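Structure first, commentary second.
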Amino acid sequence: MFSSIVRKFGAGVTLACMLASAHAQVAGTRWRVLVMDLHHKVKVEGTIRLTDKSETESCIVGNWKQAVVETTTTKDEEFFPLSEPLAYEIENGNMTFGRTRVCDGYLFLTGKLDNKIIRGTFHAPGPGFNQKLGYFSLTKIP
């Protein structure tokens, strides 16, 4: 029984280290963000910087970190708000980026974490539903 507890503790420590490592790999990096509608038309374009600062005002549970919008080239604030505070979370090899401070008004970009480009869907989750609004790409800026 004691060895089972030790194994579980070791697995927990390993998982925590992996999560911290994933955040450390993206913290401080800059990304070009494109948010597109369901017809792949670009509605929002800009540059963001991912930080290691915790997002303390999030309405949704998670390990959210602050994202800073550095530039905005194309913007449709009603489609995806680059002018609002944004956050990101890395979990199970996926990155979710978006609005977390508007309770029950979440807007997220979710895709598989990658070192150079992240692609995925733009969606609005809610109680019992997850509305797909479009697509996105995040391209790392060297």
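Bear in mind these aren't lab numbers, they're just calculated from the coordinates by the rules spelled out. In this text, all values refer to a predicted model and were calculated from it rather than measured experimentally. All Cβ positions, glycine included, derive from the backbone under ideal geometry; neighbour counts span all protein chains shown.
As a proxy for reagent exposure, ranking Glu70, Glu55 by other Cβ atoms within 10 Å from fewest up yields Glu70, Glu55.
Electrostatic bookkeeping for Val102 treats Lys and Arg as +1 and Asp and Glu as -1; over the other residues with beta carbon under 12 Å from its beta carbon, the sum is -1.
Modelled this way, with points 7 Å down the Cα-to-C-beta line, the labels at Glu91 and Glu77 are 3.0 nm from one another.
Listed values for region 74-89 are Karplus-derived 3J(HN,Hα) couplings in whole Hz (6.51 cos²θ - 1.76 cosθ + 1.60, θ = phi - 60°), namely 10, 9, 10, 4, 6, 7, 8, x, 6, 8, 8, x, 10, 9, 9, 9, and x replaces Gly and Pro.
Taking label points 7 Å from Cα along the Cα-to-Cβ direction, Lys41 and Ile117 give a separation of 2.3 nm. How far is the Cα center of region 64-82 from the Cα center of region 46-61, in Å? If we compute the Cα centre of each part, the gap is 12 Å. Under 5 Å from the amide H of Leu107 lie the amide H atoms of Arg99, each residue being 5 or more positions distant or on a separate chain, with H modelled from the backbone and absent for Pro and chain starts. Between Lys43 and Val35, Met36, Asp37, the built amide H atoms are under 5 Å apart, and every one of these is 5 or more places off in sequence or on another chain.
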